[in-house]
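Asks: I'd like to ask you about the structure that follows.
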């Protein structure tokens with residue numbers, strides 16, 4: 001998991017940080033790599049960069065990134081915006097070791113001041129990665145149970161959730177734990193750090209949650225690559241703690 005310090009609206013910087021973190025993760029043996037929500041632009045990017053830069057995917061940068069993923073031979077869950085016609089979406093793309101986009105999820109729960117630009121993605125469908133059916137949800141998609149119930153019903157075996165969700169008035173309040181208790185599915189939350197105009201992520205945790213319990217958790221004031229081993233038979237972590245490699249921001 002790439003627990004990144006993002007700068008809202010600084011697209012080039014965030015892309016560079018994401019690429020460096022992916023390269024580091026692959027270099028220490030990571031096979032699956034997850035970014036936080038909107039890793040390439042930060043959450044409150046429109047006030048700085050607007051939305052005109054958002055293109056249909058794969059855009060030129062995404063094509064270069066896919067070639068990197070193919071070179072590194074890993075699977076990357078990359079969260080970034082996309083355009084389709086006159087609509088914009090907050091999306092996580094699944095890029096296979098072949099460099100191909102094999103699936104994606106568009107954020108459904110977009111009713112917030114920070115996401116006024118985003119259209120709801122609608123339905124949810126698991127994406128198969130290395131023979132595992134992975135449910136994808138972005139941040140507040142886990143706020144209520146209907147999406148996790150839907151993923152469970154169509155065969156998801158685990159859920160991966162890029163997030164930009166820190167503590168505060170509208171911060172997480174047991175939603176992650178509740179969704180795992182209801183479905184019995186493990187939930188991996190890749191959160192972030194840093195601060196934005198009206199949001200503070202310094203204490204936002206990246207988590208592994210199983211049966212209502214946070215079994216792995218990390219917060220930090222700088223970018224970190226969080227690595228751990230996972231048993232895909234028992235759907236439990238083999239590691240007792242993350243290995244946290246801190247990056248230069």
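Asks: So which residues in region 27-45 are surrounded by fewer than 21 Cβ atoms within 10 Å (Cβ to Cβ) and touching a strand residue (DSSP E or B) at 6+ places or on another chain (Cβ under 9 Å)?
Replies: 28, 29, 31, 32
Asks: Please go through (1) surrounded by 15 or more Cβ atoms within 10 Å (Cβ to Cβ); (2) within 30 Å of residue 200 (Cβ to Cβ); (3) in contact with a helix residue (DSSP H, G or I) (Cβ under 8 Å, 6 or more places away or on another chain) for residue 72 and return the number of the only condition it doesn't satisfy.
Replies: Residue 72 satisfies every listed condition except (2).
Asks: In region 108-141, how many are touching a residue at least 40 places away in the same chain (Cβ under 8 Å), touching a strand residue (DSSP E or B) at 6+ places or on another chain (Cβ under 6 Å) and under 17 Å from residue 178 (Cβ atoms)?
Replies: The total comes to 1.
Asks: Find all pairs meeting these conditions: Cβ atoms under 6 angstrom apart; at least six residues apart or on different chains; first residue within region 221-249 and closer than 24 Å to residue 7 by Cβ; second residue modelled with pLDDT under 95.
Replies: Close Cβ pairs satisfying both conditions: 222/249; 223/249.
Asks: Any residue at all in region 46-55 that is crowded, with 24+ Cβ neighbours inside 10 Å, modelled with pLDDT of 95 or more and part of a helix (DSSP H, G or I)?
Replies: The answer is no; no qualifying residue exists.
Asks: Filter region 19-45 down to the residues that are within 20 Å of residue 98 (Cβ to Cβ) and assigned to a loop (DSSP other than H, G, I, E, B) and list them by number.
Replies: Scanning region 19-45 gives 29, 30, 31, 35.
Asks: Let me ask another. Take region 148-175 and flag every residue that is surrounded by fewer than 22 Cβ atoms within 10 Å (Cβ to Cβ) and assigned to a helix (DSSP H, G or I).
Replies: 149, 150, 152, 153, 175
The values are calculated or read from the model by the stated rules, or taken from the named source; none is laboratory data. Computed from a predicted structure; not experimentally measured. Neighbour counts run over all protein chains shown; Cβ positions are idealised from the backbone, glycine included.
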